[in-house]
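A.B. asks: Okay, here's the structure, questions in a sec.
The values are calculated or read from the model by the stated rules, or taken from the named source; none is laboratory data. The model shown is predicted, which means the values in this text are computed figures rather than measured ones. Note: ideal-geometry Cβ built from the backbone for every residue, glycine included; neighbour counts use all protein chains shown.
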């Protein structure tokens, strides 16, 4: 475990279990919460690294021999078959197999020396490292539990990596996610509605800063018309790998709308974006003659300060904004979007100004929130902890 979407679970879980997180970054975060946790990375010493490389080399050599015979991923594409695969596919397999093997060696060391795992809790189960841990758990009869890090607003049951299921049980955020995983092949018995624990604080009025305080803290005036942007980042794990040209276009379209509406931009960067994106946004904003705030953090202040939030694609930040009462507009992307049934204002760009004005002052969409975050009550942490206890027998 160790995903940021689950940090609100760490303290209550630590009262029941000895926690082991994946890496030192998660351990440092846990220490900041006053928790002592084990770290899989601590077992990744030089002998373990060399052992993992040997395993990866054996697998890569076997694959290389197959390519020398006849091996193809797609006969119609030269670089997807035959000798071309040697230049990129074999090195990729070696790197990923090394990472996965090292994680398995570390997990085995903890499991054999520290009393054994009673459960494995994941925030995703589709990358090479998490798939390896899932297989590790299944081979040893350890329940593998998955609370996804986000709703996936793409077509279920496709070849997209997010549609794969490698865990035993899935704790879903709401009815939307439940139906989505059923269409991806999960069984009813695997799924339980628990809600998104990372959103529980949004239901505590004392934790949400007041509108005027947020505006002043972020450098705005009380009567400014503020439009926030929930940006996205370049990634290639989805059906549509968002390229830099698309991201640049979205940034310019948003700032053009702010200029036209005489609105102040508030840029909420995705934490996955590289640090240089902050300067890119600042330079572009100034080129439009606009002034505003840019940050990867301060989510609650963003929801409180903004009149409207424009989400670049169907962001889960939009769900959080709606819980906090901030209207949202979807600037659409190919292959993924909020379900049309909820009536979230959406555009490919042409009507962005009209959508922003239509959303301004609109009421919270409670049906959307309830389907995205069961049961719209801020009780997900308790349900998640109870769910973990049930499947681990504690």
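A.B. asks: Collect the residues in segment 39-49 that are surrounded by 11 or more Cβ atoms within 10 Å (Cβ to Cβ) and assigned to a helix (DSSP H, G or I), keeping them in residue-number order. Show your work before the answer.
C.D. replies: First pass over segment 39-49, keeping only residues surrounded by 11 or more Cβ atoms within 10 Å (Cβ to Cβ): 39-45, 48-49.
Matches in segment 39-49: 40, 41, 42, 43, 48, 49.
A.B. asks: Now, a different point. In the set 97, 107, which member is surrounded by 11 or more Cβ atoms within 10 Å (Cβ to Cβ), closer than 19 Å to residue 39 by Cβ and assigned by TED's automatic domain parsing to the domain that holds residue 23?
C.D. replies: Details: 97 fails: closer than 19 Å to residue 39 by Cβ.
Being surrounded by 11 or more Cβ atoms within 10 Å (Cβ to Cβ), closer than 19 Å to residue 39 by Cβ and assigned by TED's automatic domain parsing to the domain that holds residue 23 holds for just one of 97, 107, which is 107.
A.B. asks: Which condition from (1) at pLDDT 95 or above; (2) in a loop (DSSP other than H, G, I, E, B) is the one that residue 394 breaks?
C.D. replies: Of the numbered conditions (1) at pLDDT 95 or above; (2) in a loop (DSSP other than H, G, I, E, B), the odd one out for residue 394 is (1).
A.B. asks: How many residues does segment 300-314 contain that are more than 20 Å from residue 354 (Cα to Cα) and buried (at least 19 other Cβ atoms within 10 Å of the Cβ)? Quick ask: steps written out before the conclusion?
C.D. replies: Filtering segment 300-314 for residues more than 20 Å from residue 354 (Cα to Cα) gives 300-305.
The next check asks that each one be buried (at least 19 other Cβ atoms within 10 Å of the Cβ); those that pass are 301-305.
Looking only at that region, the number is 5.
A.B. asks: Can you pull out the residues in segment 184-212 that are more than 17 Å from residue 322 (Cβ to Cβ) and free of Cβ contacts under 8 Å to residues at least 40 places away in the same chain?
C.D. replies: 184, 185, 186, 187, 188, 189, 190, 191, 206, 212
A.B. asks: Test residue 19 against the criterion of being closer than 22 Å to residue 119 by Cβ and in contact with a strand residue (DSSP E or B) (Cβ under 8 Å, 6 or more places away or on another chain), and give yes or no. Explain how you work it out, then say what you get.
C.D. replies: Values: closer than 22 Å to residue 119 by Cβ: yes; in contact with a strand residue (DSSP E or B) (Cβ under 8 Å, 6 or more places away or on another chain): yes.
In short, yes.
A.B. asks: Keeping to segment 219-236, report how many residues are crowded, with 22+ Cβ neighbours inside 10 Å, farther than 17 Å from residue 256 by Cβ and at pLDDT 95 or above.
C.D. replies: Residues of segment 219-236 crowded, with 22+ Cβ neighbours inside 10 Å: 226-232.
Applying the additional criterion that residues be farther than 17 Å from residue 256 by Cβ yields 230, 232.
Those still in the list that are at pLDDT 95 or above too: 230.
So the answer is 1.
A.B. asks: In the set 79, 62, which member is loosely packed, with under 14 Cβ neighbours inside 10 Å and at pLDDT below 80? Walk me through how you get there before you give the answer.
C.D. replies: Numbers: 62 fails: at pLDDT below 80.
Answer to the check: 79.
A.B. asks: Separate question: With (1) modelled with pLDDT of 95 or more; (2) surrounded by 16 or more Cβ atoms within 10 Å (Cβ to Cβ); (3) under 23 Å from the mean Cα position of the chain (by Cα) as the list, and residue 133 as the residue in question, which single condition is left unmet?
C.D. replies: (1)
A.B. asks: Let me confirm something: among 54, 93, which residue is more than 30 Å from residue 12 (Cβ to Cβ), in contact with a helix residue (DSSP H, G or I) (Cβ under 9 Å, 6 or more places away or on another chain) and without any contact (Cβ under 8 Å) to a residue 12 or more places away in the chain?
C.D. replies: Working: 93 fails: without any contact (Cβ under 8 Å) to a residue 12 or more places away in the chain.
The unique qualifying residue is 54.
A.B. asks: Among the helices (runs of 4 or more DSSP H) confined wholly to segment 279-380, which include 3 or more residues that are without any contact (Cβ under 8 Å) to a residue 60 or more places away in the chain and farther than 26 Å from residue 260 by Cα? Don't jump to the end; show me each part of the working.
C.D. replies: Details: elements: 299-305, 316-323, 352-359, 366-372.
The qualifying helices (runs of 4 or more DSSP H) are 366-372.
A.B. asks: Has segment 338-361 got at least one residue that is in the same structural domain as residue 225 (by TED's automatic domain parsing), within 18 Å of the chain's Cα centre (by Cα) and modelled with pLDDT of 95 or more?
C.D. replies: Yes - at least one qualifying residue is present in segment 338-361.
A.B. asks: Next question, about the same structure. Looking at 119, 141 in this structure, which one is in the same structural domain as residue 16 (by TED's automatic domain parsing), crowded, with 20+ Cβ neighbours inside 10 Å and closer than 30 Å to residue 196 by Cα? Spell out how you get there, then give the answer.
C.D. replies: Details: 141 fails: crowded, with 20+ Cβ neighbours inside 10 Å.
Criteria check complete, one pass: 119.
A.B. asks: Taking segment 150-160, which residues are crowded, with 17+ Cβ neighbours inside 10 Å and either under 25 Å from residue 95 (Cα atoms) or free of Cβ contacts under 8 Å to residues at least 12 places away in the same chain (or both)?
C.D. replies: Correct list: 160 only.
A.B. asks: Just for segment 175-202: of the residues that are part of a loop (DSSP other than H, G, I, E, B) and in contact with a strand residue (DSSP E or B) (Cβ under 8 Å, 6 or more places away or on another chain), which one is surrounded by the fewest Cβ atoms within 10 Å (Cβ to Cβ)? Explain how you work it out, then say what you get.
C.D. replies: Taking segment 175-202 and keeping what is part of a loop (DSSP other than H, G, I, E, B), we get 184-187, 194-196.
Filter again for in contact with a strand residue (DSSP E or B) (Cβ under 8 Å, 6 or more places away or on another chain), leaving 186, 194.
Values: 186: 19, 194: 25.
Going through the qualifying residues, I end up with 186.
A.B. asks: State the number of residues belonging to segment 365-374 that are more than 20 Å from the chain's Cα centre (by Cα) and surrounded by 14 or more Cβ atoms within 10 Å (Cβ to Cβ). Can you show your working first?
C.D. replies: In the first step, residues of segment 365-374 are kept if they are more than 20 Å from the chain's Cα centre (by Cα); the result is 365-367.
After this cut, where a residue has to be surrounded by 14 or more Cβ atoms within 10 Å (Cβ to Cβ) as well, the list is 365.
Selection size over segment 365-374: 1.
A.B. asks: Identify, by number, the condition in (1) touching a helix residue (DSSP H, G or I) at 6+ places or on another chain (Cβ under 9 Å); (2) without any contact (Cβ under 8 Å) to a residue 12 or more places away in the chain that residue 141 doesn't meet.
C.D. replies: Unmet for residue 141, out of (1) touching a helix residue (DSSP H, G or I) at 6+ places or on another chain (Cβ under 9 Å); (2) without any contact (Cβ under 8 Å) to a residue 12 or more places away in the chain: (1).
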